[in-house]
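Report on the structure given below.
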Amino acid sequence: MLDLLFTGLLAIQAFSHGVAFFALIGDARSDDKPALPVRSWLLPALSHRAAAGIACIFWLLATLGFAAAAISIWDSLPIGVPWQQLAAAGAAVSTLGIALFSGIWPGAPNRKLSKTDTIIALVLNAALFVLLLFGWLSGTPFRS
């Protein structure tokens, strides 16, 4: 049952980050400034294209981490890395990307949905961290 729960949670995260990744690619390639441009508080002088290009890296890595973790739960990905580590890495990269790029969810049609999508992603990341930590502390890291 937990395998199915984690697979679903990771698949949702992989899908939503993948959609955002493709939106960022469009923003990075376009000369037109999007309605909700991704911007970095760390490097505010970046153009919208440069910020989107850098943000692409975070969303791609998070997408790949979540997708690989979901597949690894079912022992279908022979990479030798436990799914828990892949899930934790995906959630960490996702959280870092959201923090570095001002909490704007790429591809959201308006600010309200962008905030909602960002909050959902952060809540799911936190849930993953808590569940993984709980499994580790209890000595039963679910299934490896």
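The numbers here are math on the coordinates, done by the rules we state, and not lab data. Quick caveat: nothing in here was measured; it's all calculated off a predicted structure. Virtual Cβ from ideal backbone geometry, glycine too; neighbours counted across all protein chains shown.
Observations
- Helical runs (DSSP H, four residues minimum) scored at -39500 (n - 2.57) apiece and divided by the length of the chain put the mean residue ellipticity at 222 nm at -24500 deg cm²/dmol.
- Stretching the chain fully between D32 and A127 yields a gain of 30.6 nm (0.36 nm per residue, less the alpha carbon separation).
- Averaging the Cα positions of each part gives two centres, and for region 64-125 and region 39-60 these lie 17 Å apart.
- Span-rule helices in the chain, defined as complete DSSP H runs reaching 15 Å or more along the axis (Cα) with Kyte mean at least 1.6: 48-73
- Counting only Cβ charges, +1 for Lys and Arg and -1 for Asp and Glu, the dipole size of the chain around its Cα centre is about 360 debye.
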